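Read the figures in this text as sums done on the coordinates, not as results from a lab. Computed from a predicted structure; not experimentally measured. Because the Cβ atoms are built from the backbone with ideal geometry, glycine has one as well, and the counts that use them run over all protein chains shown.
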Amino acid sequence: MTLKLELIHKWACPYSARVRDFIEERGLQERIAFQEVNETEGAKDRLVQLTGKTQVPCLVAEGEPILESKDIIEWLDRNLGSTQGAVPA
Ligand SMILES: N[C@@H](CCC(=O)N[C@@H](CS)C(=O)NCC(=O)O)C(=O)O
């Protein structure tokens, strides 16, 4: 099954960068739709609608938001990853 995944992120945010780096390291870019919170029309409104916050990064997995870069990386590792033990603390 192909999961519908979106990452609402911000270029200037180091936590977003951490998640983007992980995605790139794992070669998962093609599986995730990236939405920059200030560039993608409607992304910020959607973020607030889903989470009640403006915090990025936010992974939206099948419509369910996941906040916190560490939790997002762990989720990606658990659900899409194959290499164990590569999640930064
Ligand atoms: N602990 C969070 C920190 C995320 C964070 O602080 N993001 C900042 C941008 S770098 C942010 O969204 N600030 C605006 C807000 O929280 O509304 C994580 O690891 O994801």
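Applying the criterion of being β-branched (Val, Ile, Thr) and within 9 Å of the ligand (Cβ to nearest atom) to the residues of region 1-49, the residue that is surrounded by the fewest Cβ atoms within 10 Å (Cβ to Cβ) is Val37. Lys70 meets all of the listed conditions (1) within 19 Å of Leu3 (Cβ to Cβ); (2) charged (D, E, K, R); (3) under 11 Å from the mean Cα position of the chain (by Cα) but one, namely (1).
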